[in-house]
Amino acid sequence: MSNQLVNENSPYLLQHADNPVDWLPWSEQGLEQAKKADLPILLSIGYAACHWCHVMAHESFEDEETAVFMNQHFINIKVDREERPDVDSIYMDAVVAMTGQGGWPMTVFLTSDGRPFYGGTYFPPTPRFGMPSFVQLMQGIVDAWQNRRDEIEESATKIATHLGQQSAVIKLNVSEEVPQLTQSYFAEANSELLKAFDHAKGGFGQAPKFPPSMTLTYLLQHHHLYGDSMALHMAETTLKKMAYGGMYDQLGGGFARYSTDNDWLVPHFEKMLYDNALLSRVYLLAYRATGNALYRRIVEETLDFVIREMRHELGGFYSSYDADSEGVEGKFYVWQADEIRTHLGEDADLFMRYYDVSERGNWEGNTILNMRFEPSDIAKEFDISVSELQERIERAKATLYEVRSKRIWPGLDDKVLTAWNGLMLASYAEAGRFLNRQDYLDVATQNANFLYEMMRQENGRLLRTWKEGNQAKYNGYLEDYAYLADGLLALYQATFDEQWFVWARELADMMLMHFEDVQNGGFFDTSHDHEALLNRPKAIQDNATPSGNSVAAGVLLKLGLYTGEGRYWDTAESMVLAIEKLMRQYPNAFGQWLASAVLLDSSPKEVAIVVEEKQSDADALLEIVNNAFHPNLVVAVGQNGDNVPLLDKRPLMNNQATAYVCQKFVCQQPVNTRNALKEQLEQSL
């Protein structure tokens, strides 16, 4: 018999639909049921690619005796954190407050009105690691519920009060004494980054090492603005080490979630859409800043991987791949030396040297492919040219990819999330634009059309999640609106199809209407008409993904440049300046904010290229704009009178495509030659 998860969209919830546990999805029904039965709620939160979530499910939730106890003494609710980041955020804060740490799977015990009174992460089936067994824990909770309810009520009230106070103190508006961004302000943030920087291996801090995509984006932009060579060094060292390491899938492209060691060698093998969106975008930025072909290769291999393995035929992008296959973490990705020899023949020795394959292996008797040496050194060692080396390596990679594809694949979480698709949309749009890849622009456009058709309601509001065979569901969160708006602005600047600009602006207006914290500034994570929860979360810290607030700030700054409307720019400026102290002190936790601060401080240029009818008339001018490295420039192409205000009231000159270069809303003389435009772009007003 299936439980009530059987009709859900989430593959993670569907994995638990046949558990003997009487799981409910998060809903008012569960709270009412708990109140009626006078039982505590056992809330379990995880996600499909989470290794230890699978372990706890197998050990406890699939066990008949454990399930009988759970069903008798609790109302059991299962949540996919990726579908319900609001619920996850509230109860993660509670678990961290109670225990000092958090993670997934997350196990939280609640009163019938949703107040948490005890929680933790993974609990084993038998006592180990200094932890009680899961059943022992539940027995203790039941005893307290039945015999010491007053203690539970007191604890729940204290925790709920703490969470409410914590949320209330987050202010994203500034006082009358507005701080000013200066070069010394960024120097202080960079000094903190340098203290944590691993000069030998790249990255910040010690293992486990997570890819610092947003911090690297900031460092590359800061280097461009101020010519800071150390910022470039930190970025490039990290990008190169990650690209050469085992965290990068050397055969199939794409990045795993994080590295368990300092060397970027041993990944936690799950592959998340958001990591590959953020990383492909920052590698593209690095390629544009440096011209290093390695970075372009990583961009294209990563985007090709997503097209091949994480894309629905209608254009939506899937969420993740598990770390496990056949119940073993990483089994799909690792190799034995004799396998390589069997399949590669005369190219085996070259491939094994190139990718560090040995008889002993480098991880649990197996080999995780990685690059320890420069290709030029390998070519010299084998007395061949670099071009011949690359040709043979590419041929060998294709062979082994086909071999690997016949293995049992890791589980795929094939739900489509609006926010993560917005991140990926931006990456494809920019790659198509700056790498001159029409195929990537086609992928981006199809994705935007998919999101418009499937995730946008008639009133313009967004939905969070979609899966084939099910309707899209759940209210969109701030990050859904912000990430998608950012992706649409990137797509507009790649195609100059004004519908994408119009939709991005519509989403920004909805953020201001439905999410803005009028009293304290910035935006709540949930809309004003969202279901009532324990509190209304308002995240500002950038974590594995950027906070909705930091991306919203960047979107509003760009819209301010496009429209000249102060409400966009002023709101974003206030948000960025309000947390300038946090950004300086904890730059690794505010990388996207720092990137927005660079945009704010850089006096970005606005370029309007006015055409009569055919956009092709502007191609020669547009080539000058795209070939130069101006990471914070905004550009519009179209006819005077289009729906993009930057183009408004700008006549043609000499009946030819005409460029207007502006800065701080002051414009230079219009030009319609490549050389004149190039000269203006290199000048400051």
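The values are calculated or read from the model by the stated rules, or taken from the named source; none is laboratory data. Note that the structure is a prediction, hence the values are computed from the model and not measured. For neighbour counting, all protein chains shown are included, and Cβ atoms are generated from backbone atoms with ideal geometry for every residue, glycine included.
When 112, 89, 60 are checked against the criterion of being of a type in the set (Gly, Ala, Ser), in contact with a Leu (Cβ under 7 Å, 6 or more places away or on another chain) and either buried (at least 19 other Cβ atoms within 10 Å of the Cβ) or outside the structural domain of residue 320 (by TED's automatic domain parsing) (or both), 112 stands alone in meeting it.
It is to be established whether one or more residues within segment 627-640 are touching a residue at least 40 places away in the same chain (Cβ under 8 Å), surrounded by fewer than 17 Cβ atoms within 10 Å (Cβ to Cβ) and not assigned by TED's automatic domain parsing to the domain that holds residue 287. Yes, some residue in segment 627-640 is touching a residue at least 40 places away in the same chain (Cβ under 8 Å), surrounded by fewer than 17 Cβ atoms within 10 Å (Cβ to Cβ) and not assigned by TED's automatic domain parsing to the domain that holds residue 287.
Scanning segment 644-661 for residues that are more than 23 Å from residue 600 (Cα to Cα) and touching a residue at least 24 places away in the same chain (Cβ under 8 Å) yields a total of 8.
From the set of residues in segment 313-350 that are under 22 Å from residue 51 (Cβ atoms) and among the charged types (D, E, K, R), which is surrounded by the most Cβ atoms within 10 Å (Cβ to Cβ)? For segment 313-350, the residue satisfying everything is 322.
For residue 108, indicate whether it is in contact with a Phe, Trp or Tyr (Cβ under 6 Å, 6 or more places away or on another chain), in contact (Cβ under 8 Å) with a residue 24 or more places away in the chain, among the β-branched types (Val, Ile, Thr) and part of a strand (DSSP E or B). Judged against the criteria, residue 108 is a match.
Report, by residue number, each residue of segment 30-84 that is under 22 Å from residue 318 (Cβ atoms) and either touching a Pro at 6+ places or on another chain (Cβ under 8 Å) or among the hydrophobic types (A, V, I, L, M, F, W, C) (or both). Answer for segment 30-84, where residues must be under 22 Å from residue 318 (Cβ atoms) and either touching a Pro at 6+ places or on another chain (Cβ under 8 Å) or among the hydrophobic types (A, V, I, L, M, F, W, C) (or both): 45, 46, 48, 49, 50, 52, 53, 57, 78, 79. Has segment 299-312 got any residue that is surrounded by fewer than 17 Cβ atoms within 10 Å (Cβ to Cβ), touching a residue at least 24 places away in the same chain (Cβ under 8 Å) and at positive phi? No, segment 299-312 contains no residue that is surrounded by fewer than 17 Cβ atoms within 10 Å (Cβ to Cβ), touching a residue at least 24 places away in the same chain (Cβ under 8 Å) and at positive phi.
For segment 148-164, the condition holds for no residue, the condition being that it is closer than 19 Å to residue 592 by Cβ and touching a helix residue (DSSP H, G or I) at 6+ places or on another chain (Cβ under 8 Å). Of the listed requirements (1) touching a helix residue (DSSP H, G or I) at 6+ places or on another chain (Cβ under 7 Å); (2) of a type in the set (D, E, K, R); (3) within 15 Å of residue 138 (Cα to Cα), residue 22 misses just one: (3).
Each residue in segment 73-82 was checked for being under 27 Å from residue 465 (Cα atoms) and either polar (S, T, N, Q) or assigned to a loop (DSSP other than H, G, I, E, B) (or both), and 3 pass.
Before we move on, is residue 664 at pLDDT below 90 and closer than 21 Å to residue 603 by Cβ?
yes
With the condition being of a type in the set (Lys, Arg) and buried (at least 24 other Cβ atoms within 10 Å of the Cβ), I'd like the helices (runs of 4 or more DSSP H) fully within segment 495-597 carrying at least 2 qualifying residues.
Details: elements: 498-514, 548-563, 566-578, 580-585.
In segment 495-597, there are no helices (runs of 4 or more DSSP H) which contain 2 or more residues that are of a type in the set (Lys, Arg) and buried (at least 24 other Cβ atoms within 10 Å of the Cβ).
Please go through segment 351-379 and pick out each residue that is assigned to a helix (DSSP H, G or I) and loosely packed, with under 14 Cβ neighbours inside 10 Å.
376, 377
Report the residue count in segment 181-234 for those that are farther than 19 Å from residue 596 by Cα, outside any helix (DSSP H, G or I) and over 24 Å from the mean Cα position of the chain (by Cα). Of the residues in segment 181-234, 2 are farther than 19 Å from residue 596 by Cα, outside any helix (DSSP H, G or I) and over 24 Å from the mean Cα position of the chain (by Cα). When the residues of segment 25-55 are filtered to those that are buried (at least 19 other Cβ atoms within 10 Å of the Cβ), more than 28 Å from the chain's Cα centre (by Cα) and at pLDDT below 95, the one that is nearest to residue 149 (Cα to Cα) is 34.
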